[in-house]
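Data block below; observations after.
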Amino acid sequence: MPSTEVLYDGHIIRVERLEGRWEVVRHAAAVVILALNEQGEMLLVRQFRPSIDRTTLEAPAGLVDDGEDPEWAARRELQEETGFDADMTLLTRFYSSPGFCDEEMLVYHARNLRESRLPMDEDEDIEVVWLPPEQVLAGLRDGSLVGSASTVTAALFAARVPA
């Protein structure tokens, strides 16, 4: 049986050394939500990210709680971060960085947006923004926008998915 050494066990991540060689970050699955309005603009959230000390523009996203259905997690995160609920369709799933992390990301397309607010997490300060996907991609390319894997994935899908 391969040996596993726990290097760190925190609230959000766990870091393990496998067989004395590979360091692996264990992290819950995450959902990413692609929502478009009638004009084809993407629903985005602007928020400060302490890990990079910068404000980012991202597709709504968040962690899947232990035992939670990923589709419900997507609906919950959308309601918490933006004040909308929607019908969800899974577009794709992928691992964010499988060279060192087991975080799986599930990307949902949100349709039939309707107002519905759940309370935000206490540590969140989020601004809702609507932008055309082409503007988001251009801003990421030229560096005028700071994004994440959720931003890039959603923008690329938005450029191809009808509202």
message = Conditions first: (1) surrounded by fewer than 13 Cβ atoms within 10 Å (Cβ to Cβ); (2) within 30 Å of residue 116 (Cβ to Cβ). Residue 90 passes all but one, so which condition is the exception?
response = (1)
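In this structure, does residue 110 turn out to be buried (at least 16 other Cβ atoms within 10 Å of the Cβ), closer than 16 Å to residue 56 by Cβ and in contact (Cβ under 8 Å) with a residue 40 or more places away in the chain?
Details: buried (at least 16 other Cβ atoms within 10 Å of the Cβ): yes; closer than 16 Å to residue 56 by Cβ: no; in contact (Cβ under 8 Å) with a residue 40 or more places away in the chain: yes.
Against the criterion (buried (at least 16 other Cβ atoms within 10 Å of the Cβ), closer than 16 Å to residue 56 by Cβ and in contact (Cβ under 8 Å) with a residue 40 or more places away in the chain), residue 110 does not qualify.
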Exclusive hit being under 20 Å from residue 28 (Cβ atoms), surrounded by fewer than 20 Cβ atoms within 10 Å (Cβ to Cβ) and not basic (Lys, Arg), set 50, 60, 132 = 50
query = Taking region 111-146 as the region of interest, how many residues are in contact with a Gly (Cβ under 8 Å, 6 or more places away or on another chain) and assigned to a loop (DSSP other than H, G, I, E, B)?
reply = 4
query = Which one of these is under 30 Å from residue 21 (Cα atoms), crowded, with 16+ Cβ neighbours inside 10 Å and more than 12 Å from the chain's Cα centre (by Cα): 102, 66?
reply = 102
Region 69-93 residues that are hydrophobic (A, V, I, L, M, F, W, C), paired with ones that are part of a helix (DSSP H, G or I) and surrounded by 14 or more Cβ atoms within 10 Å (Cβ to Cβ) (beta carbon under 6 Å, 6 or more apart) = 84/78; 88/71; 88/74; 91/157
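Bear in mind that the values in this text are calculations on the coordinates, not laboratory data. Source: prediction; values computed, not measured. A quick note on method: Cβ atoms are made from the backbone with ideal geometry, for glycine too, and the neighbour counts reach across all protein chains shown.
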